[in-house]
Amino acid sequence: MSESVPGLTPEVFAPVEAPVSPPQASEEVEFVQLLTPEGERVEHPDYSFDLDDEAIKGFYRDMTLVRRIDTEATALQRQGELGLWASLLGQEAAQIGSGRALNSKDMVFPTYREHGVAFCQGVNPLNLLGLFRGVDQGAWDPRDNNFHLYTIVIGAQTLHATGYAMGQQRDHAVGDPETGEATIAYFGDGASSQGDVNEAFIYASVFNAPVVFFCQNNQWAISEPIDRQTRIPLYQRAAGFGFPGVRVDGNDVLATYAVTQQALKRAREGSGPTLVEAYTYRMGAHTTSDDPTKYRLSEDLEYWKLKDPIERVKAYLARQAGVDHNFFDEVEAEADKVAAELRQGCLAMPDPELTDFFQYAYVDMPDELAEQRDQYAAYAASFNAEGEG
Amino acid sequence: MTAEHLYRTVRLIRRFEERAMDFVRSGEIVGGIHPYVGQEAIAAGVCAALRPDDVITSTHRGHGHVLAKGVDPARMLAELMGRENGLNRGRGGSMHAADFGLGILGANAIVGAAGSIATGAAWAYQRQGKDVVAVSFFGDGAMNEGMLLEAFNLAVLWRVPVVFVCENNGYATTMPVRSAVAGSITGRARAFGMPAFTVDGQDPEKVLAATTAAVSRARSGRGPTFLECTTYRFDAHHTFEHRARLNYRSTEELSTGRSRDPVEIQGERLAADVRAAVDAEIEALLDAAAGVALGGAHPDPAAALEFLYASPEVNR
């Protein structure tokens, strides 16, 4: 007990550990790391990365393509082609590392920023753009790629994920580390303060549900920094709910892969939930509607640029694995091609009939809603009539 | 003096609850109550550590808390009977007793909800530069309510002068704590960086000592403290159980649980004659309270909508 509390006597109280302050960006943070920002492989006593350099080249490609898709989407928003975009810039390793650790039967519950995980699950990026262009309301079937629709309500998907995982349990799909199923719930540091998320922790723990809570701590809940969000490192929350938590360097794709894989294995074999805190940084704005220069210092950004998730893999591949420039050039060219196709596809998306939106809420449209639809259609048509006259 | 004060409080609560249960049986109290029997040491010990201007929030099982904070038993009994002379003119009933003058910000029937109210109130006092402390009572079941955990986080972040008192009586209605609370109760509070302690909730003096320390910590600007008071609910979750046996506790468990009775624990610390005098005093007090309550008028049904809004216009 580091804080003295007058009047507290041992027979009255059991001992308590002092609260720990969350780390600041400039401090050294303790986490699982297998690849340093300089591209050096390092060992960890509990986690190892067992795949070969070909797999690492694959991660490099994934991250590069995803960053390119993200950059293109931001540009499209700036040009008025999307209503909004939530950039994943800086979080590629957290998403690709965890996304590539998933098996085909695992289920993903994302926030609205999981473009990298969507990519890993095989969701067409054009589908993501449809949502942000406003031509549909998320036009992918969650069952096609085991990738649930984007959830905008902060933290709500952790409950959906826990419920889904309890379903997997009741379907007897849990118990074998090889063939078992698991669920992964993505959320951010801001969501950790939501009661919903804490209730999801409780249910998952009490029912031993096969769910991995994957928190990308990107240091900012819009403009709220992490030290105003929690007094203790987020991964330590899990201990208070009776399950393990681990912090991983979220800008290290190898470590993120290894840690997530172990957490998923635990879930699949029936050992219950794990909280993974991927320690990363949101390099861009919260969304295209946000201007982070209003609330954070450029030196912070400079500090994190040195920890870039892609550069460290490139450094490793070039210096340690003998990968030559042809590979990097090919990936760049592929990324440009993907981006060009994405742009083309985005511009070619048909505008929706606005009256269609009335039909998505109910299987059988109530009379009142049909009336509203007709009223709206008449109102919209009145503009055409005026224009013609 | 402290020993006698604590005994008077636990005894008052015990006898108040026993008499209230009689009035439930006789039909004077409609709808039943959640008896506090067995948990009296917590209300008595906690409230004895507070100044009159400190504030509390209470629960669906709140008679003990408000009595310990100084509510007149006659007005509380009249409230339970829905009379015009009740604490809240008969509109609040068992689960919504409030008296801002006594620092009672309200009992709250919504499990865990009052934690946010106590935190908000204490935060307001802090911002006004006052050294008032808030205490929030809640049970083990509330530990699984997201909004209570949100209050923990904010209280710790902003060093709010609030003391969280968890009365762990082993059951959320019929759900045993071991099936409902993942991890541990104090571990849950520590997960937000809050100092958390387990206290013997059957001993009023231990509860008083722990709360005094926690309150002094809060008052001196060092933030919230969490106290888990281990206790046992001697009687039903709610008086409906008197009619419908739910069979979730064995007779062995009940007899072990009831063996540590706060009234006896504190009573044994007094001389026999002092104890007898206090007992007699309380019976007289409650006799008079029953008379006052039973003599109270029933509210006029036409006035049912009054007191919802400050402006009577809204009610029309």
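None of the figures in this text is laboratory data; all of them are computed from the coordinates on show. Keep in mind that this is a model prediction, so the values were computed, not measured. We place every Cβ from the backbone using ideal geometry, glycine too, and count neighbours over all the protein chains shown.
Points worth noting:
- Sparse packing (at most 16 other Cβ atoms within 10 Å of the Cβ) combined with a DSSP loop state is found for the following chymotrypsin sites (Phe, Trp or Tyr not before Pro) in region A:282-317: A:TYR295.
- Put simply, the amide H of B:ILE56, placed in the peptide plane, has neighbours under 5 Å in B:ILE104, B:LEU105, B:VAL135, leaving out anything fewer than 5 places away on its chain.
- Taking every C-alpha pair closer than 8 Å and separated by at least 6 residues, the mean separation divided by the residue count of chain B gives a relative contact order of 23 percent.
- Rounded to the nearest 20 debye, dipole of chain B from Cβ charges on Lys, Arg, Asp, Glu: 860
- Short-range pairs are left out: with C-alpha atoms under 8 Å and at least six residues apart, the relative contact order of region A:53-347 is 25 percent.
- Options A:PHE243, A:TRP304, A:PHE328, ranked by Cα towards positive dipole end of region A:53-347, top entry (Cβ charges): A:PHE243
- GluC sites (Glu not before Pro), loop per DSSP, at most 15 other Cβ atoms within 10 Å - longest free stretch of chain A: A:179-352
- Diffusion coefficient (Stokes-Einstein, Kirkwood radius over C-alpha pairs, 10 °C, 1.306 mPa s) for the protein assembly as shown: 55 µm²/s, rounded to a whole number.
- Across region B:79-216, C-alpha contacts under 8 Å between residues 6 or more apart give a mean separation that, scaled by the residue count, equals a relative contact order of 17 percent.
- When the Cα atoms of region A:235-327 are aligned to their principal axes, the ranges along those axes come out at 43, 43, 21 Å in descending order.
- Cross-link reach is defined here as a Cα-Cα straight distance under 21 Å, omitting same-chain residues fewer than 8 places apart; for A:LYS294 the lysines meeting it are A:LYS305.
- A:LYS307, A:LYS294, A:LYS57 arranged by Cβ crowding within 10 Å, fewest neighbours leading: A:LYS294, A:LYS57, A:LYS307
- Listed residue (A:ASN218, B:VAL278, A:LEU88) projecting farthest to the positive dipole end of the protein assembly as shown, Cβ model: B:VAL278
- Directionally averaged projected area (convex hull, Cα atoms, region A:53-347), nm²: 14.8
- Summed over qualifying helices (DSSP H, 4 residues or more, each -39500 (n - 2.57)) and divided by its residue number, chain A shows a 222 nm mean residue ellipticity of -13000 deg cm²/dmol.
- Distance between the 7 Å Cα→Cβ label points at B:SER26 and A:GLN372: 5.6 nm.
- Applying both filters, DSSP loop and at most 13 other Cβ atoms within 10 Å, to the trypsin sites (Lys or Arg not before Pro) of region B:123-180 gives B:LYS130.
- Ordered from longest to shortest, the equivalent ellipsoid semi-axes for chain B are 28, 25, 20 Å, each the square root of 5 times a Cα gyration tensor eigenvalue.
- The longest stretch of chain B left intact once loop-based chymotrypsin sites (Phe, Trp or Tyr not before Pro) with at most 14 other Cβ atoms within 10 Å are removed from consideration, loops following DSSP, is B:1-247.
- With the alpha-carbon atoms of region B:128-262 aligned to their principal axes, the span from lowest to highest coordinate is 51, 31, 25 Å, starting with the largest.
- q = 0.18, 0.23 Å⁻¹, region B:67-122: log10 I(q)/I(0) [Debye, one scatterer per Cα]: -0.58, -0.87
- Largest first and in whole Å, the equivalent-ellipsoid semi-axes of region B:241-298 read 29, 25, 6, each the square root of five times a Cα gyration tensor eigenvalue.
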